[in-house]
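Down below is the structure, laid out as structure tokens.
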Amino acid sequence: GLVFGGGSVVALEYLRDRLSTVSDLTQRIGIRVVGTTPRITRKTNPGQVAESVDGVRTVLTQTGREAPKVVIVTSAGEHEGKTTFASQLAASYARSGKRTLLLDGDLRHPNVHVALGLDLRTGLPELLRGEITTDEAVQPTGVEGLFAITGGACDYTAITALSKPETAKTIAGLRDSFDHIVIDAGPVLAFADVLLLGQMSDVAILATMRDRSRVPLVVAAVEKLRSVDVPVLGAVVN
């Protein structure tokens with residue numbers, strides 16, 4: 001009986017710790033839900049996924065007097081669907097007729113090339129180190145109007161280059177070349193890179209996953225972004 005009772009308490013605490021409903025974000029965390037995406041399996045209708053992401057794009061285009069041009073997508077921890085959502089959001093922008101760039105800002109664990117079916121070649125790390133030009137880093141994708149800067153060979157030099165003025169100038173140059181830029185960043189609680197990239201962005205969207213994301217960690221992620229004045233537009237529930 002003691003074992004059963006103790007196990008029940010642990011189970012309840014585990015469930016309370018996890019994001020179980022969409023309303024948890026607004027009621028328990030206090031941030032806006034800008035959209036939800038369905039679980040993607042082989043049987044998932046691609047049109048349903050596209051429609052849900054298009055809804056988030058619509059929210060973004062109606063934010064403030066001027067729609068945000070650079071959107072950073074991050075998460076509190078790993079495996080919460082941020083790369084999948086970032087690539088879908090970038091594709092949504094491209095489908096709407098906007099020249100769009102998807103930038104892989106997850107330097108240590110790049111996955112944009114996987115999401116887009118591209119080869120992992122020289123990309124953001126090489127650009128940060130000054131080994132290639134912006135034109136050499138940008139590559140076309142299979143989606144009309146969508147371009148990408150993938151990951152590459154990351155090292156300490158590339159990571160430290162994020163804080164240098166040259167990186168801000170590079171992002172500013174990309175702003176002039178594209179209608180929208182979506183940055184797929186690393187988990188905000190794991191790496192300081194996200195905060196540096198966030199300060200070069202207009203808004204941040206936090207990717208969360210139902211029954212996986214931990215409420216205290218999502219709260220900590222939001223607070224960390226806001227502590228360096230990165231505007232958090234809201235969260236997407238995958």
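The values are calculated or read from the model by the stated rules, or taken from the named source; none is laboratory data. Source: prediction; values computed, not measured. Cβ atoms come from the backbone with ideal geometry, glycine included; neighbour counts cover every protein chain shown. What goes into the accessible areas is simple: the full protein's heavy atoms, side chains included, and nothing from ligands, DNA or RNA. Shrake-Rupley method; radii C 1.70, N 1.55, O 1.52, S 1.80 Å.
Table for the structure above
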item: At 1.567 mPa s and 4 °C, Stokes diffusion of segment 75-213 via Kirkwood alpha-carbon radius, µm² per second; result: 87 µm²/s
item: Distance in nm between pseudo-label sites at D17 and D155 (7 Å out along the Cβ direction from Cα); result: 3.9 nm
item: Contact order normalised by residue count of the chain, Cα under 8 Å, 6+ apart, percent; result: 31 percent
item: Quarter of the Cα convex hull surface for the chain, i.e. its orientation-mean projected area (nm²); result: 14.5 nm²
item: Within the accessible area of the chain (1.4 Å probe), percent carbon and sulfur; result: 53 percent
item: Residues with amide H under 5 Å from that of V232, placed H, sequence gap 5 or more; result: A204
item: With DNA, RNA and ligands ignored, accessible area of R129 (1.4 Å probe; Å², nearest 10); result: 60 Å²
item: Two-site label geometry, E136 and S163: point separation in nm, points 7 Å out along Cα→Cβ; result: 2.7 nm
item: Hits among aspartates and glutamates - C-alpha to C-alpha of K69 under 18 Å, sequence gap 8 or more where chains match; result: D54, D104, D176, D179, D184, D202, D229
item: Under 19 Å from the Cα of K43 - aspartates and glutamates, other chains or at least 8 residues apart; result: E51
item: Whole-percent pair-distance distribution, where bins are 5 Å wide, for the alpha carbons of segment 183-238; result: 4, 20, 35, 27, 11, 3, 0
item: Cβ charges +1 (Lys, Arg) and -1 (Asp, Glu), total dipole of segment 141-238, debye; result: 340 debye
item: Gyration tensor verdict on segment 169-210 (Cα atoms; rounded if a/c is under 1.5, prolate if a/b is larger than b/c, oblate otherwise); result: oblate
item: Cα-Cα P(r), segment 33-117, percent of pairs per 5 Å interval; result: 2, 13, 24, 26, 20, 11, 3, 0
item: R18 long-range amide H proximity, modeled H, under 5 Å; result: V215
item: With all protein chains modelled, accessible area of K164 [1.4 Å, Å²]; result: 110 Å²
item: Average accessible area per residue (Å²) across the chain - probe 1.4 Å, nucleic acids and ligands excluded; result: 49 Å²
